[in-house]
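Some notes on the structure that comes next.
The values are calculated or read from the model by the stated rules, or taken from the named source; none is laboratory data. Since the structure is predicted, the reported quantities are computational estimates derived from the model, not experimental observations. Every residue, glycine among them, receives a Cβ derived from its backbone with ideal geometry; neighbour counts consider all protein chains shown.
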Amino acid sequence: MGKRLRPLTNTRPKPLIPIGNEYIIDHIFKVLDGNFDEFILVVNFKMEMIKDHISKNYPGLNVTYRLQENVSGTADAVLSSGAIDEPFLCINGDVFLEKECIESALKLFESTNKQVISVKEMENDGRYGSIIESGGTLLGINEKEPSGRALVNIGVYIFKPGIFDAIKRTPKSVRGEYELTDSIISMKEDFSVLKYNGYWNDIGYPWSLLEVNEHIVGGQEEKIDGVVEERASYSGNIQVGEGTVVRNGAYIVGPVRIGKGCDIGPNCFLRPYTTIGNNCHVGNATEIKNSILFDNTNAAHLSYVGDSVIGERCNLGAGTLIANLRHKKDNIKMEINGKMVSSGRRKLGVVMGDNTKTGINVSIYEGRKIGNDSGIGPGVIVKRNVDPNTIVLTDQQIKTSILGKD
């Protein structure tokens, strides 16, 4: 469900969030490509959207869907996949990692004939299980306790069929869920630990999308399938999709990625690590920096978008300005599930849900969230988060409307 990524996940399951103009689930299929011939997807929240995406984009894929009826933990999710009578790879459906991790796990399994749990050394703020190992052998797991720098569980496993019996013997944890790590510990003697040193991100927070986007776009090669007009200019590696026109006066500092069918310019400024989705319009005197615009979204004129994530079918009215830096220049916090959480970033703008529009001359404070299907009236200063399906007006606009003079 991706609750921490709301409002973006109000209208889509987490695996269908686009990063670098590809959905999370597509990145996962890329790293799995070439090593597997059968796939089982355990689904629940908005599962029809997942099925529709797979059928349209992977028509020849040998895939089976299993419904996790009662979402009661990771062990229950694996059990919901049904009986599998051969070794299999299990991966969380909402993470970003490199192909090297999958291939290294397969090699370790082949060489040891032991089940595999993959880990990465990093800071653990309590969101991950910390792995205790010795010489590559699993000794224990401290589940989701803050531990400073540790070997954290990154959600990539190779299991033997015996894991199903272990899951059936697993009691509920103190959190009231059936934890996969508890099942693993019950047969820890048969597990090898893979230490993965490549890039990994669990995409746990809205700003994680910006982190992964920076990684993807930062490693791209130049590819221009659209049209860059003669008096438009760019530097660095940029990608321009088919049917896109970058008009005269546009200035792009790469790395920047632009999707298909876009209208860019004239006279706009795209700064590094910006990703523009398909069928978007970025127009005159608009500046976008280190941000992600989903498909069919427009920032047509006189606007500034910095360090932000803007959902599908949004429209930023002329003069929409998004703040992304506090005067104190300290790390920006964002409200996540009712608590203020530090992003660890000095610069963070807005996270805006799908189908939301702003009027002219709207200003948005840093680190704010604006819900899907909402409207921000002309001249509004957005100081607080905005719930989905909300219209925000100035006091004067409300008075005028009540008096019937509008």
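So the values come out like this:
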{"read-out": "Residue within segment 339-352 that is assigned to a strand (DSSP E or B), touching a residue at least 60 places away in the same chain (Cβ under 8 Å), buried (at least 23 other Cβ atoms within 10 Å of the Cβ) and of a type outside the set (Val, Ile, Thr) present", "value": "yes"}
{"read-out": "Condition met for Pro171 (in a loop (DSSP other than H, G, I, E, B), of a type outside the set (Ser, Thr, Tyr) and without any contact (Cβ under 8 Å) to a residue 24 or more places away in the chain)", "value": "yes"}
{"read-out": "Residues satisfying the stated conditions in segment 211-269, i.e. aliphatic (A, V, I, L, M) and assigned to a loop (DSSP other than H, G, I, E, B)", "value": "Ala232, Ala250"}
{"read-out": "Only one of Gly82, Gly73, Gly93 that is over 20 Å from the mean Cα position of the chain (by Cα) and more than 18 Å from Lys160 (Cα to Cα)", "value": "Gly73"}
{"read-out": "Tally of residues being part of a strand (DSSP E or B) and either in contact (Cβ under 8 Å) with a residue 60 or more places away in the chain or under 19 Å from Lys347 (Cα atoms) (or both) across segment 277-292", "value": "4"}
{"read-out": "Subset of segment 90-131 (residues that are part of a loop (DSSP other than H, G, I, E, B) and touching a residue at least 12 places away in the same chain (Cβ under 8 Å))", "value": "Asn92, Gly93, Asp94, Val95, Glu98, Lys114, Asp125, Gly126, Arg127, Tyr128, Gly129"}
{"read-out": "Scan of segment 96-117 for residues that are of a type outside the set (Val, Ile, Thr) and under 21 Å from the mean Cα position of the chain (by Cα), ordered by number", "value": "Phe96, Leu97, Glu98, Lys99, Glu100, Cys101"}
{"read-out": "Selection from segment 325-378 of residues that are among the polar types (S, T, N, Q) and either farther than 20 Å from Pro18 by Cβ or modelled with pLDDT under 95 (or both)", "value": "Asn331, Asn337, Ser342, Ser343, Thr358, Asn361, Ser363, Ser374"}
{"read-out": "Restricting segment 66-89 to residues that are aliphatic (A, V, I, L, M) and not in a helix (DSSP H, G or I), the residue that is modelled with the lowest pLDDT", "value": "Ala83"}
{"read-out": "Any hit, segment 1-19, residues being in a loop (DSSP other than H, G, I, E, B), more than 29 Å from Ile336 (Cα to Cα) and of a type in the set (Gly, Ala, Ser)", "value": "no"}
{"read-out": "All positions within segment 66-84 that are under 14 Å from Thr181 (Cα atoms) and among the charged types (D, E, K, R)", "value": "Asp76"}
{"read-out": "Residue that is surrounded by the fewest Cβ atoms within 10 Å (Cβ to Cβ) [pool: residues in segment 9-43 that are touching a residue at least 40 places away in the same chain (Cβ under 8 Å) and of a type in the set (S, T, N, Q)]", "value": "Asn35"}
{"read-out": "Residues satisfying the stated conditions in segment 138-151, i.e. assigned to a strand (DSSP E or B) and either modelled with pLDDT under 80 or touching a Lys or Arg at 6+ places or on another chain (Cβ under 6 Å) (or both)", "value": "Leu138, Asn142, Gly148, Arg149"}
{"read-out": "Members of segment 178-217 that are more than 25 Å from the chain's Cα centre (by Cα) and β-branched (Val, Ile, Thr)", "value": "Ile184, Ile185, Val193"}
{"read-out": "Ile25, sole failed condition from (1) within 23 Å of Glu177 (Cα to Cα); (2) under 12 Å from the mean Cα position of the chain (by Cα); (3) assigned by TED's automatic domain parsing to the domain that holds Glu179; (4) among the hydrophobic types (A, V, I, L, M, F, W, C)", "value": "(1)"}
